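Accompanying notes for the structure given below.
The values are calculated or read from the model by the stated rules, or taken from the named source; none is laboratory data. Please read all numbers here as calculations on a predicted model, not as lab measurements. Please note: Cβ atoms are built from the backbone with ideal geometry, for glycine as well, and neighbour counts cover all protein chains shown. Heads up: the accessible areas ignore ligands, DNA and RNA and are worked out on the full protein's heavy atoms, side chains in. Shrake-Rupley method; radii C 1.70, N 1.55, O 1.52, S 1.80 Å.
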Amino acid sequence: MRIVSLAPSNTEIAFALGLGPQVVGVDDHSDYPPEVARLPRVGPDLTIDVDRVAALKPDLVLASLSVPGMERNVEALRRRGLPHLVLDPRRWPEVLASIQAVADAAGCGPRGRHLVRQLEERAAAVRRRMAALVARRGRPWRLFLEWWPRPLITPGRHSWFTDMAEMVGGENIFADLDRTSGVVDPGAVLEREPDAILLCWCGTLQGHMDPRRVAARAGWERLAAVRQGRVVPLPEALFGRPGPRLVEGLERLAAILTGFFRAEVGEGAADHGTAGSAALPSGP
């Protein structure tokens with residue numbers, strides 16, 4: 001089977017399932033695992049060159065609707081009659097289901113079930129560990145995740161981050177937004193008083209994430225998260241891609257919150273700078 005992936009998350013799913021040797025082309029933004037560097041590119045994820053896709057003679061194209069605008073790619077695939085599977089997971093269970101869907105479409109269903117089971121077990125281990133910690137803390141962590149700084153864009157109820165927040169013993173402070181993500185007023189963040197501010201700016205803005213920018217916002221110096229150094233840059237690759245590496249992001253977030261808890265209760269000196277830098281990407 002010849003597979004072409006049109007989104008980084010799809011590429012990572014394919015390789016995690018052991019389908020790397022069958023992937024013959026990827027979108028311009030796919031950067032993990034390192035082996036994808038040698039593969040032909042078919043354009044940016046929002047403006048895929050369908051002629052290039054067709055030239056690769058795929059048996060299966062892994063399309064996506066994870067970013068608004070990707071529906072144009074799906075329409076183009078349909079017009080060309082290219083065999084494709086469209087993934088559009090929003091919540092954590094849907095991410096796992098999409099992994100299984102790729103495995104089934106590629107004829108490796110058992111491998112998919114094995115991978116999903118591994119991810120479920122890792123997530124369950126985080127949930128157990130963090131439940132015990134939050135029981136000691138006495139209240140859940142109130143988390144604000146920032147996808148974009150101007151305007152402020154944050155995940156809502158229909159987001160895998162809402163599930164990730166719950167699994168680490170926290171809550172997404174904007175889980176009441178009945179959408180995947182949306183624009184929020186800075187004043188609303190101040191009113192909801194997050195315990196931690198998580199920066200996960202998209203695309204090229206990743207290189208500009210700086211807690212000092214957040215601290216300089218009008219009125220934000222009043223937030224305990226700012227005063228106590230709980231403004232943490234996070235790698236988009238581990239939080240913004242609905243694929244198997246979300247579990248790495250989950251484990252990373254659990255480690256960060258554990259460090260914050262130890263600082264609260266005086267269990268050893270906490271280095272918030274270390275916690276923040278640990279969350280920065282060391283690679284793709």
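Beta carbons closer than 6 Å, at least 6 apart along the sequence or on distinct chains, pair a first residue in the range 92-116 that is in contact (Cβ under 8 Å) with a residue 40 or more places away in the chain with a second that is basic (Lys, Arg) for 103/111. In the range 16-40, what residues are outside any loop (DSSP other than H, G, I, E, B) and open to solvent by 70 Å² or more (accessible area, probe 1.4 Å)? Residues satisfying the conditions are 21, 34, 35, 37, 38.
Within the range 218-237, the set of residues being open to solvent by less than 10 Å² (accessible area, probe 1.4 Å) and assigned to a helix (DSSP H, G or I) comprises 220, 225.
The requirement of being open to solvent by 30 Å² or more (accessible area, probe 1.4 Å) and either modelled with pLDDT under 95 or in contact with an Asp or Glu (Cβ under 9 Å, 6 or more places away or on another chain) (or both) is fulfilled somewhere in the range 109-125, by at least one residue.
Of all residues in the range 51-61, one or more are modelled with pLDDT of 95 or more and under 26 Å from residue 239 (Cβ atoms). When we screen 71, 75 for residues that are open to solvent by 70 Å² or more (accessible area, probe 1.4 Å) and under 22 Å from the mean Cα position of the chain (by Cα), the only hit is 71.
Among the residues of the range 142-167, just one is free of Cβ contacts under 8 Å to residues at least 12 places away in the same chain and in contact with a Lys or Arg (Cβ under 9 Å, 6 or more places away or on another chain), namely 166.
Of everything listed in (1) at pLDDT 95 or above; (2) open to solvent by 10 Å² or more (accessible area, probe 1.4 Å); (3) within 26 Å of residue 44 (Cα to Cα); (4) touching a Pro at 6+ places or on another chain (Cβ under 6 Å), the single unmet condition for residue 281 is (1). Take residue 270 and decide whether it is in a loop (DSSP other than H, G, I, E, B), farther than 26 Å from residue 191 by Cα and either modelled with pLDDT under 95 or among the hydrophobic types (A, V, I, L, M, F, W, C) (or both). Taking the combined requirement at face value, the residue satisfies it. Residues in the range 43-58 that are in contact with a Leu (Cβ under 9 Å, 6 or more places away or on another chain), among the small types (Gly, Ala, Ser) and assigned to a helix (DSSP H, G or I): how many? Residues meeting the conditions: 1.
For the range 99-114, a residue qualifies if it is part of a helix (DSSP H, G or I) and under 19 Å from residue 3 (Cα atoms), and the qualifying residues are 99, 100, 101, 102, 103, 104, 105, 109, 110, 111, 112.
Looking across 96, 82, one residue alone is open to solvent by less than 40 Å² (accessible area, probe 1.4 Å), of a type in the set (A, V, I, L, M, F, W, C) and assigned to a helix (DSSP H, G or I). It is 96. Remark: pairs (first residue in the range 3-14, in contact (Cβ under 8 Å) with a residue 40 or more places away in the chain and within 19 Å of residue 50 (Cα to Cα); second residue open to solvent by 10 Å² or more (accessible area, probe 1.4 Å) and assigned to a helix (DSSP H, G or I); Cβ separation under 6 Å; 6+ apart in sequence or on different chains) = 3/22; 6/73. Residues of the range 68-79 that are in contact (Cβ under 8 Å) with a residue 40 or more places away in the chain and in a loop (DSSP other than H, G, I, E, B): 70 alone. For the range 37-50, filtered to residues that are modelled with pLDDT of 95 or more and among the aliphatic types (A, V, I, L, M), the residue that is farthest from the chain's Cα centre (by Cα) is 50.
A single member of 275, 225 is touching a strand residue (DSSP E or B) at 6+ places or on another chain (Cβ under 8 Å) and at pLDDT below 95, and it is 275. The residues on offer are 77, 82, 39, 60, and the sole one that is in contact with a helix residue (DSSP H, G or I) (Cβ under 7 Å, 6 or more places away or on another chain) and closer than 15 Å to residue 11 by Cα is 60.
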